[in-house]
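Asks: Would you mind keeping the following structure in view while I ask a few things?
The values are calculated or read from the model by the stated rules, or taken from the named source; none is laboratory data. Since the model is a prediction, treat every value here as computed from it, not as a measurement. Every residue, glycine among them, receives a Cβ derived from its backbone with ideal geometry; neighbour counts consider all protein chains shown.
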Amino acid sequence: MSENTPENVEAEQAENFDPTTGEIADGADAADQQSAPEVDPFEEFKSDLRMKDGDWYVIHSYAGYENRVKVNLENRAVSLNAEDEIFEIQVPMEEVVEIKNGQRKTVRRVRVPGYVLVRMELTDESWGVVRHTPGVTGFVGNAYDPIPLSIDEVAGMLAPVFEEQQAEAAKIAGEQAAADGVPIETEFEIGESVMVKEGSFEGQPATIQEIRPEQQKLTVLLSIFERDVPVELGFNQVSKI
């Protein structure tokens with residue numbers, strides 16, 4: 001057992017000093033901070049979904065009318081005073097790279113055409129507000145007594161929303177680090193071979209030509225028609241080989 005001398009006290013305080021708060025944590029707090037497990041962001045996303053009011057349901061819409069249905073339903077919830085029962089409407093989107101006439105462009109499209117997610121308290125009144133929204137053809141499943149999605153199902157369908165939140169957070173963190181003059185480290189290297197894991201080039205190998213850590217973006221070379229073509233991808237769209 002160490003003696004409680006001034007030297008030992010000073011050493012312990014220095015060890016437990018938290019530079020982010022400017023405070024000295026006691027031994028127990030410092031131990032808790034060091035042993036705290038790392039939180040999985042996706043599990044945290046699912047936990048946030050569980051904490052929200054209501055349940056998630058899927059409704060059918062005419063293909064191509066998903067976003068119009070979202071706006072129509074949001075407006076009806078307000079005009080019919082149903083905001084305390086209809087909380088949120090989501091149309092999961094995704095970004096894909098399309099090549100037309102030799103030109104490459106990134107486009108946003110509906111991830112699951114013909115479907116819209118609604119978080120709501122299901123009552124006769126809220127059912128009627130949703131069902132009679134222009135562009136809606138009905139609830140998925142039992143049309144009059146639909147079964148809500150599980151949290152895992154919701155998280156899976158809203159994965160693009162989660163990915164956008166993560167990308168935005170990473171972008172902000174990268175911009176702040178760049179502004180502070182802090183070097184940003186990445187797991188990728190120029191000239192490294194990677195595998196594209198989503199989008200139009202999913203499953204194709206590529207070679208990293210440029211890395212932009214502040215934007216969480218890569219420029220990779222893909223072999224298209226026996227030519228190396230530069231393509232811009234996000235860090236989360238490729239994996240190491």
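Asks: Looking only at region 209-237, count every residue that is part of a strand (DSSP E or B) and out of contact with any strand residue (DSSP E or B) (no Cβ under 8 Å at 6 or more places or on another chain) and tell me the total.
Replies: Here the count works out to 1.
Asks: If you take the residues of region 137-165 that are β-branched (Val, Ile, Thr) and closer than 16 Å to VAL112 by Cα, which of them is modelled with the highest pLDDT? Can you show your working first?
Replies: The first filter runs over region 137-165 and keeps only residues β-branched (Val, Ile, Thr), leaving 137, 140, 147, 151, 154, 161.
Checking which are closer than 16 Å to VAL112 by Cα leaves us with 137, 140, 154, 161.
Details: THR137: 95, VAL140: 92, VAL154: 89, VAL161: 74.
The residue in question is THR137.
Asks: Quick check on my filter: what residues within region 86-128 are touching a helix residue (DSSP H, G or I) at 6+ places or on another chain (Cβ under 9 Å) and either on the phi > 0 side of the Ramachandran plot or assigned by TED's automatic domain parsing to the domain that holds VAL231 (or both)?
Replies: The one that is touching a helix residue (DSSP H, G or I) at 6+ places or on another chain (Cβ under 9 Å) and either on the phi > 0 side of the Ramachandran plot or assigned by TED's automatic domain parsing to the domain that holds VAL231 (or both): GLY114.
Asks: Going through region 41-67 one residue at a time, which ones are in a strand (DSSP E or B) and more than 21 Å from the chain's Cα centre (by Cα)?
Replies: Our first condition is that a residue be in a strand (DSSP E or B); within region 41-67, this holds for 55-61.
Matches in region 41-67: ILE59, HIS60, SER61.
Asks: Can you tell me how many residues in region 100-114 are modelled with pLDDT under 80 and not in a strand (DSSP E or B)?
Replies: 2
Asks: Quick one: what pairs do we get from region 212-229, first residue closer than 18 Å to GLU202 by Cβ, second hydroxyl-bearing (Ser, Thr, Tyr) and part of a strand (DSSP E or B), C-beta under 8 Å, 6+ apart or different chains?
Replies: Here the result reads VAL220/THR207; LEU221/THR207; VAL229/SER223, each pair linking region 212-229 to a residue that is hydroxyl-bearing (Ser, Thr, Tyr) and part of a strand (DSSP E or B).
Asks: State the number of residues belonging to region 62-74 that are in contact with a Ser or Thr (Cβ under 9 Å, 6 or more places away or on another chain) and either loosely packed, with under 14 Cβ neighbours inside 10 Å or more than 17 Å from SER126 (Cα to Cα) (or both).
Replies: 2
Asks: For GLU85, are the conditions met, namely being buried (at least 17 other Cβ atoms within 10 Å of the Cβ) and in contact with a strand residue (DSSP E or B) (Cβ under 9 Å, 6 or more places away or on another chain)?
Replies: Here the answer is yes, as GLU85 does meet what is asked.
Asks: For region 149-156, does any single residue satisfy the condition of being assigned to a loop (DSSP other than H, G, I, E, B), surrounded by 13 or more Cβ atoms within 10 Å (Cβ to Cβ) and outside the structural domain of GLY199 (by TED's automatic domain parsing)?
Replies: For region 149-156, residues assigned to a loop (DSSP other than H, G, I, E, B), surrounded by 13 or more Cβ atoms within 10 Å (Cβ to Cβ) and outside the structural domain of GLY199 (by TED's automatic domain parsing): present.
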